[in-house]
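A quick write-up on the structure given underneath.
Just so you know, all these numbers are worked out from the coordinates, no wet-lab data involved. Here the structure is a predicted model, which is why all the values come from computation and not from measurement. Here Cβ is always computed from backbone atoms with ideal geometry, including for glycine, and neighbour counts include all displayed protein chains.
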Amino acid sequence: MRLDSVMTLDFTDPFPWILNRTPTRHVQIGRDPSRTVGEMTPETRRAIEATAGILKPNCPYTWARRDLQATYAQALQGRKVIALTPCWDLLLRPDLQTQ
């Protein structure tokens, strides 16, 4: 399966560039929940919901990663969680099928 758009739930988001995929628009780059990330706007929510795959880092599990997941929680609802490695999960958009 090819995911045309990806995002990372972390301070930096290098994977769209590394994988040559479309990054999620309307999301703060350099996401620091205590300084740069405010309330999620409707525009941001729609952009996250439209993103095909969201990479969720699990280790180390930091307060900042936890807070980012909480900030974007409404936009992440209903995604299928696929464990890629012990340290990374893929949150797949619900309308995409896996084999």
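Of note:
- Only Cα pairs under 8 Å and 6+ residues apart enter the sum, and on that basis the relative contact order of the chain stands at 28 percent.
- In terms of the mean number of neighbouring beta-carbon atoms within 10 Å, the peptides 41-49, 76-84 order highest first as 41-49, 76-84.
- Ranking 11, 24, 82 by how far each Cα lies toward the positive end of the dipole of the chain (charges on Cβ) leaves 82 at the top.
- Judged by the gyration tensor of its Cα atoms, with axes a ≥ b ≥ c, the stretch 5-92 is rounded; a/c sits under the 1.5 cut.
- Charged side chains reduced to their Cβ positions (Lys and Arg at +1, Asp and Glu at -1) give the stretch 5-92 a dipole of some 140 debye around its Cα centre.
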